[in-house]
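J.: What follows is a single structure, and I will ask about it in a moment.
The values are calculated or read from the model by the stated rules, or taken from the named source; none is laboratory data. In this text the structure is predicted, and so the values were computed from the model without any measurement. Cβ coordinates were reconstructed from backbone atoms using ideal geometry, including for glycine residues, and neighbour counts include every protein chain displayed.
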Amino acid sequence: NGFTTIELKANFLGTARDGAVACEARLVHGGRTTQVWDAEAKHEATGKTIALFRCT
């Protein structure tokens with residue numbers, strides 16, 4: 001089974017010129033036919049948030 005994205009919003013807040021980036025996502029709404037997810041990407045060394053995402 002596949003899926004499609006209805007909407008994807010990205011806010012880029014900073015940069016990571018070196019090191020690793022970690023992303024954590026959480027389910028905001030899990031319906032019968034749609035889901036909404038929020039994700040946050042952080043620079044692992046500094047803990048600084050570099051991007052926020054919302055996907056439907």
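J.: Specify the residue that is modelled with the lowest pLDDT; the eligible residues are those in region 1-35 that are within 17 Å of Cys55 (Cα to Cα) and β-branched (Val, Ile, Thr). Lay out the reasoning, then the answer.
T.: Residues of region 1-35 within 17 Å of Cys55 (Cα to Cα): 2-12, 23-35.
Still in the running and β-branched (Val, Ile, Thr): 4-6, 28, 33-34.
Details: Thr4: 84, Thr5: 89, Ile6: 93, Val28: 97, Thr33: 89, Thr34: 92.
Here the residue is Thr4.
J.: When you go through Ala22, Ala45 one by one, which is the residue that is of a type in the set (Gly, Ala, Ser), surrounded by 10 or more Cβ atoms within 10 Å (Cβ to Cβ) and assigned to a loop (DSSP other than H, G, I, E, B)? Walk me through it before giving the result.
T.: Working: Ala22 fails: assigned to a loop (DSSP other than H, G, I, E, B).
The conditions single out Ala45.
J.: Still on this structure, please answer the following. Within region 1-17, can you find the residues that are of a type outside the set (Phe, Trp, Tyr) and closer than 12 Å to Lys42 by Cα? Please lay out each step first, then the result.
T.: Our first condition is that a residue be of a type outside the set (Phe, Trp, Tyr); within region 1-17, this holds for 1-2, 4-11, 13-17.
Once the filter is applied, which keeps residues that are of a type outside the set (Phe, Trp, Tyr) and closer than 12 Å to Lys42 by Cα, region 1-17 yields Leu13, Gly14, Thr15, Ala16.
J.: Next question, about the same structure. Can you pull out every residue in region 1-44 that is under 13 Å from the mean Cα position of the chain (by Cα) and closer than 10 Å to Thr56 by Cβ?
T.: Glu7, Leu8, Lys9, Val28, Val36, Trp37
J.: Now for a separate question. Which of the residues spanning region 30-42 are more than 15 Å from Leu8 (Cα to Cα), in contact with a strand residue (DSSP E or B) (Cβ under 9 Å, 6 or more places away or on another chain) and either loosely packed, with under 14 Cβ neighbours inside 10 Å or among the β-branched types (Val, Ile, Thr) (or both)?
T.: Gly30
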